[in-house]
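See structure below.
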Amino acid sequence: MINRRQFVKSGAAAAAALAAGLARAESLRENLVRQAREVFARNLVVSQKGAFHVPSSATYPRFYGWDAGWNIIGQSAFDPEAAIKELQAVFAFQREDGMVPHEAVVPERAPRNENLGDAYFDSEGRCRIIDPPSYLVGAEVVYRKTKDPLVLALLPQMQKCLDYLIGPRDLFGDGLVSIIQAWESGTDNAPFYDKPMGLNARDPFTVIKAGMNVMEEIKKNAALGWDLKKIGEADFFVMEDLGVNGLTAAGAHSLSILHEAAGDAAKAKAAAGVAAKMTAAMEKFLWDEQRGFFYPRWSTKRRELQFRTCGSAFAALLTGMVEKHKADRMFDEYLRNPKRFNTRYVVPFNSEEELRREINPMLKSLLWRGECVWVDVSWMAARAAAIYGRPEVARDLTRRNAEMVAKAGFREYYHPRDGRGMGAPGITWPAIVIDMIDQHGI
């Protein structure tokens, strides 16, 4: 038995450990906020479209749609007023048909890329492809923290964006969003694009061919006048991507919450219905029961799943509507498995066991190939874990990401084994780990 003295002593030790843990968490958060403020200050753009941040003024000097979404989520934790301004800027770039472009030229910051030219950009400097709508989820995140009516004032534009994605972009006719070019996924050179793009991972010239194929996609689509019906019928490169569909479904769920807050029950119900319908379609068409994971689908004619196991699939869980036993398999067999995603620093985009089968070291020079941890994937996986009643998993992912970013600084991506920063420096994305700390703790 534990006597009274031992009990008091152990209780005091536990209280001291808790206090030390809280102090360490606060110190880590302060470190990350300081770094975030410095990075965001360097990447600030005050333009005719409003105030927002390019991902990196040195490397990515344009407006990018899903980067803006991560910026909104990150800033919501330390500068919510700037987050709302960024959300407003997103929809200042919106087209009349509701499409928010993947990227747009910022006249105050950089000229258009003449290698892409008018085949890619419209007369207002907006490109003709999309991005995953992380900004719709970001709108809900910042509204929950601020209850600012300026967010609700953007609901018509947000709804128009969702209507575009689930309408003209449903090229398979199954309730899911189709992408027509690899950049639209945000995960530009992901390995599940190899077969659709005619690439061979063992070919030493794959790196060159990947860049050439992307440009070829743009030219082919431009030759069809960017007519979505014609592009779907031509079937050059048409895919149902998990990151795009998971974030669109989550965005619909977020719009349901925002419509409810605005007092429009009918629109809230309709948006919730979209989220449910899309989640059901992902389960029906993109889930592989044998493997216990979600995979993207290629070609309106072939309708083939592409069996490369990548972290963007966790986006499918963001609505919380996927059957629990499927989510559990993804957490237990993949996220917590050291042979797949449970590396020292998490969440790597590519499964470890699949990477080991690739023998072409040059592929590592391509973004989203090789060993790489991108904090947005970690954010989605942690949020999904919390939604499915796994707070300890969400907290563990948060701690490891927070320590990684604090140590290596704000980088484009990180190495899953030693946590070193890789890719472009001074990237804004890692600020989302501050939101992770606030939501899940460490």
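Among the residues of region 23-79, which ones are in contact with a His (Cβ under 6 Å, 6 or more places away or on another chain) and outside any loop (DSSP other than H, G, I, E, B)?
Those that are in contact with a His (Cβ under 6 Å, 6 or more places away or on another chain) and outside any loop (DSSP other than H, G, I, E, B): Phe40, Leu44, Gly65, Asn71.
Please indicate, with yes or no, whether at least one residue in region 194-205 is crowded, with 16+ Cβ neighbours inside 10 Å and either part of a helix (DSSP H, G or I) or at pLDDT 95 or above (or both).
No: region 194-205 contains no residue that is crowded, with 16+ Cβ neighbours inside 10 Å and either part of a helix (DSSP H, G or I) or at pLDDT 95 or above (or both).
Which helices (runs of 4 or more DSSP H) does region 343-442 wholly contain that include 2 or more residues that are over 17 Å from the mean Cα position of the chain (by Cα), of a type outside the set (Phe, Trp, Tyr) and within 26 Å of Asn43 (Cα to Cα)?
In region 343-442, the matching helices (runs of 4 or more DSSP H) lie at 391-408, 432-440.
I'd like to know if region 235-257 contains one or more residues that are part of a helix (DSSP H, G or I), under 25 Å from the mean Cα position of the chain (by Cα) and over 23 Å from Leu286 (Cβ atoms).
yes
Which ones in region 387-405 are surrounded by fewer than 19 Cβ atoms within 10 Å (Cβ to Cβ) and either modelled with pLDDT under 95 or among the small types (Gly, Ala, Ser) (or both)?
Hit for region 387-405 is Gly389, nothing else.
If a residue must be crowded, with 16+ Cβ neighbours inside 10 Å and either within 12 Å of Gln75 (Cβ to Cβ) or polar (S, T, N, Q) (or both), how many such residues does region 48-60 contain?
Looking only at that region, the number is 4.
I'm told Ala316 meets every condition in (1) in a helix (DSSP H, G or I); (2) surrounded by fewer than 17 Cβ atoms within 10 Å (Cβ to Cβ); (3) hydrophobic (A, V, I, L, M, F, W, C) except one. Can you identify the failing condition by its number?
Single failed check for Ala316: (2).
Being in contact with a strand residue (DSSP E or B) (Cβ under 9 Å, 6 or more places away or on another chain) and surrounded by fewer than 18 Cβ atoms within 10 Å (Cβ to Cβ) is the filter here, so list the residues in region 62-81 that pass it.
none
Would you mind finding the one in Met380, Met422 that is of a type outside the set (Asp, Glu), crowded, with 22+ Cβ neighbours inside 10 Å and either touching a residue at least 24 places away in the same chain (Cβ under 8 Å) or not assigned by TED's automatic domain parsing to the domain that holds Ile73 (or both)?
Met380
Among the listed residues Pro416, Pro430, which satisfies the condition of being of a type outside the set (S, T, N, Q), outside the structural domain of Trp70 (by TED's automatic domain parsing) and more than 23 Å from Phe294 (Cβ to Cβ)?
Exactly one of Pro416, Pro430 is of a type outside the set (S, T, N, Q), outside the structural domain of Trp70 (by TED's automatic domain parsing) and more than 23 Å from Phe294 (Cβ to Cβ), namely Pro430.
What pairs come up if the first residue lies in region 170-189 and is in the same structural domain as Thr300 (by TED's automatic domain parsing) and on the phi > 0 side of the Ramachandran plot, the second is in a loop (DSSP other than H, G, I, E, B) and modelled with pLDDT of 95 or more, and their beta carbons are under 7 Å apart, counting only those six or more places apart or on different chains?
Gly186/Asp131; Gly186/Pro132
Before we move on, is Gly138 at pLDDT 95 or above, crowded, with 18+ Cβ neighbours inside 10 Å, of a type in the set (Gly, Ala, Ser) and in contact with a Phe, Trp or Tyr (Cβ under 6 Å, 6 or more places away or on another chain)?
no
Between a first residue in region 386-409 that is free of Cβ contacts under 8 Å to residues at least 24 places away in the same chain and a second residue that is surrounded by fewer than 21 Cβ atoms within 10 Å (Cβ to Cβ) and not in a loop (DSSP other than H, G, I, E, B), which pairs have beta carbons less than 6 Å apart while being 6 or more apart in sequence or on different chains?
Matching pairs, first to second residue: Ala408/Gly421.
The values are calculated or read from the model by the stated rules, or taken from the named source; none is laboratory data. As the structure is a prediction and not an experimental result, all values here were calculated from the model. Every residue, glycine among them, receives a Cβ derived from its backbone with ideal geometry; neighbour counts consider all protein chains shown.
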